[in-house]
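The values are calculated or read from the model by the stated rules, or taken from the named source; none is laboratory data. The shown structure was predicted, so the numbers you read here are calculated from the model rather than taken from an experiment. Note: ideal-geometry Cβ built from the backbone for every residue, glycine included; neighbour counts use all protein chains shown. Quick note on the areas: whole protein, heavy atoms, side chains included, nothing else; ligands and nucleic acids left out. Shrake-Rupley method; radii C 1.70, N 1.55, O 1.52, S 1.80 Å.
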Amino acid sequence: MKNYFCKENRCILLFLLVLGFSCQPKEKAIGLLAENAIVVSAHPLASKVGKDIIQEGGNAVDAAIAVQMALAVVYPQAGNIGGGGFMVIRESDGQYHSLDYREKAPLAASRDMYIDEKGDALPEKSQNGHLASGVPGSVDGMVKAHEKLGSMEWAKLINPAIRLAEEGFELSENEAAYFTRASENLKKYSSVDPIQFTGKSWKAGDVFKQVQLANTLKLIRDKGRAGFYSGEVADYIVAEMERGGGIISLEDLEKYESTWREPLTGSYKDFNIITMGPPSSGGLIILQMLGIMENYQVSNQGESYAEYLHLKTEMERRIFADRAAFMADSDFYPVPVDELLDDSYLSQRFSNFDPQKATPSDLIMEGKILSMSEETTHFSIVDKEGNAVSCTTTLNGGMGSKVMVDGAGFLLNNEMDDFSIKPGFPNMFGVLGGEANKIEPEKRMLSSMTPTIIEKNNELFMVVGTPGGSTIPTSVFQVVVNVIEFGMGMQEAINEKRFHSQWKPDQISFEKDFERENILETLREKGHELSERNGIGRVDAILVLEDGILEGGADPRGMDAASGY
Ligand code: GLY
């Protein structure tokens, strides 16, 4: 009896199991879960540095400073002391802050410095070499963050980066390949061959040490701001400029100051959005998009997903046109923030939206997406008290200007390309700019970086941001919508394929291997031109789950990693 029963039913059971298994929905991706604190960044070693600082008693801002410095060592393509960034902070008692440590145009910069005698733009000069750099802001930014909100001794926050520079760290296969590829440009654009980078063909497992950078970090540790903006390091920067035809002077370095700004805030349904205002366009773009979307029902189920992507593209098209006309450094140009976020302005702006058809972008000047890297970097931190930091920092392009400051061992940014170098001429991300974002001495170039913190019912809910040039605000928007509207967890929301559009060029780019061909077909039928590309952005984010547990999502498009406890 037993055998008979088993034989018959085993077949049925097996059949049901196979059927059940093949009908299983895709396994839901879950990020790192932790009770106390999480740090998510572009490099596992930097995430660990931040987590260790919190475990040793530091707060989220202490961890952010240590991660910024560690990334300058282990992720030199975008982590930096020679660039700048934005930090958005939410203290556990609900106070918000935003720190602008964006680079500034040097005093000797001028509106037409990248235009030749025939009136043609010279993007090679705004993107590579000594003239491409703005005055770096990262070190002053970290000093300011520490003065206001840090709790641990400054030296303890810099020491982990010094150790990583001095003792070195093992390169992964991808890092080794990237460093080897980058060597040619570093040799070409630096005035002295930076042999610590270029001296060998790197392979996985090689230990990468940076003696000059370790020395620079020691000066920053021992002298704070003065260790970078005056004395030995400042002299190295100015000497590098003089050898390579750059214009950053000792006066520029002495005068540079990062600044605390009122964070840009807005609401969407039950959520408060705390983000970066000008000189970033990112926060404005996110709030404009959410402001319009609040009037629509969106879903990611079946064909409805195509309707959502159509709506998103049409919003992006109009808002990136606003970006080109109205957004810039508000210290120099009266950015009409309130008007841009006004409900009646947004509904008027979107009044010609056709749910059935793409609105062609007005072809005054075609932007071009070049296959440039979008090597900014972002990290998100929540500490055990519930303080949160969302920080995006950059050299602009991968390895910035490709100029290594000889003697000081760090790379300078090529952020000058984020100005509008000639009205109507696209920058390296294909975005257009006009008068508002023209070059002026000491002005900050318009950014797309979007470090953002979200509250739900006034409690901390999400910390989010990404690199990706002009794709930054649209990637942040998508991840936020994936969580808020489509009910995804943090890792799941990050893993989803991304779409991007920006007014010009008149197209939607989407990540390759997107499997829902019917969605693409519907978008084509509505008149959208589609263009497949590699990964868009690298979102590193943290979600507070309903039971208070933190979920850290690290973007699988890079070697990003979460570390927590
Ligand atoms: N450099 C990229 C950005 O600031 O948007």
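Positive contributions from Lys and Arg (+1) and negative ones from Asp and Glu (-1), summed over other residues with Cβ under 10 Å from the Cβ of Glu166, come out at +2. Each of Gly552, Pro505, Phe486 was scored by the projection of its Cα onto the charge dipole of the range 480-565, and the greatest displacement toward the positive side belongs to Pro505; charges sit on the C-beta of Lys, Arg, Asp and Glu.
Site pair Leu250 and Glu184 shows an inter-label distance of 3.9 nm when each label is modelled 7 Å from Cα along Cα→Cβ. Give me the percent relative contact order of the range 523-565, please, defined on Cα pairs under 8 angstrom at least 6 residues apart. For the range 523-565, the relative contact order is 28 percent.
Judged by the ratio a/c of the largest to the smallest principal axis of the C-alpha gyration tensor, the range 427-556 counts as oblate, that ratio being 1.5 or greater while a/b is no larger than b/c. Gyration tensor over the Cα atoms of the range 155-229: the corresponding equivalent ellipsoid has semi-axes (square roots of 5 times the eigenvalues, largest first) of 25, 16, 8 Å.
Within the range 309-338, what residues put their amide N at less than 19 Å from the label point 7 Å along the Cα-to-Cβ vector of Glu262? Zone members listed by number: 327-338.
Using only Cα atoms, locate the centre of the range 291-335 and the centre of the range 230-288, then give the distance between them in Å, rounded to an integer. Spelled out, the Cα-based centre of one part sits 24 Å from the other. Charge dipole (Cα centre; +1 on Lys/Arg Cβ, -1 on Asp/Glu Cβ; no other charges) of the range 65-223 amounts to roughly 200 debye. Charged neighbours of Gly129, selected by a Cβ distance under 9 Å, balance to +2 (K, R count +1; D, E count -1). Only protein heavy atoms count here; under a 1.4 Å probe, Glu257 has an accessible surface of about 100 Å². A 1.4 Å probe, protein heavy atoms only, puts the accessible area of Lys255 near 90 Å².
Using a probe of 1.4 Å on the protein chains alone, the accessible area found for Leu250 is around 70 Å².
Expressed as a fraction of 2.2 N^0.38 Å, the C-alpha radius of gyration for the range 205-291 is 1.65. For the range 27-167, the Kirkwood estimate of the hydrodynamic radius, built from every pair of different alpha carbons, is 17.1 Å. Accessible surface computed residue by residue for the range 272-419, with neighbouring protein chains in place and a 1.4 Å probe, gives 33 Å² per residue. Is the shape of the range 259-331 rounded, prolate or oblate, going by the alpha carbon gyration tensor and its root eigenvalues a ≥ b ≥ c, with a/c under 1.5 for rounded and a/b larger than b/c for prolate? It comes out oblate by the Cα gyration axes. To the nearest 10 degrees, how steeply does helix 211-223 sit against the main Cα axis of the chain, on a 0 to 90 scale? Taking Cα atoms only, the helix is inclined about 80 degrees. The distance linking the range 412-487 with the range 43-93 is 20 Å (Cα centroid to Cα centroid, whole angstrom).
Each eigenvalue of the Cα gyration tensor of the range 243-285, multiplied by 5 and square-rooted, gives one semi-axis; in descending order these are 36, 12, 5 Å. If I fit a long axis through the Cα atoms of helix 44-55 and take the longest principal axis of the Cα atoms of the chain, what angle between them do I get, 0 to 90°, rounded to 10? Relative to the chain, helix 44-55 is tipped by roughly 90 degrees. A 1.4 Å probe run over the range 143-233, with the rest of the protein chains in place, finds 49 Å² accessible per residue. Model label sites at Thr359 and Ser110, defined 7 Å from Cα along the beta-carbon direction, differ in position by 4.0 nm. Magnitude of the charge dipole for the chain, about its Cα centre and with charges confined to Cβ atoms of Lys, Arg (+1) and Asp, Glu (-1), is about 1140 debye. Pairing the Cα long axis of helix 304-326 with the longest principal axis of the chain, what angle in degrees results, from 0 to 90 and rounded to the nearest 10? Approximately 20 degrees, to the nearest 10. Here the accessible area of the chain is 50 percent carbon and sulfur, with a 1.4 angstrom probe and all protein chains present.
For the residue pairs Lys497/Lys526; Lys156/Lys384; Lys384/Lys456; Lys104/Lys269; Lys402/Lys443, alpha carbon separations beyond 26 Å are given by Lys104/Lys269.
What is the sum of charges around Met490, taking Lys and Arg as +1, Asp and Glu as -1, for the other residues whose C-beta is under 12 Å from the C-beta of Met490? Counting the neighbours of Met490, the net charge comes to -4. Our note on the geometry: Cα centres of the range 107-160 and the range 170-227, 19 Å apart. Just how many % of Cα pairs in the chain lie over 45 Å apart, if you round to the nearest whole percent? That tail contains 14 percent of the Cα-Cα pairs. Taken over the range 376-443, the alpha-carbon convex hull comes to 154 cubic angstrom per residue.
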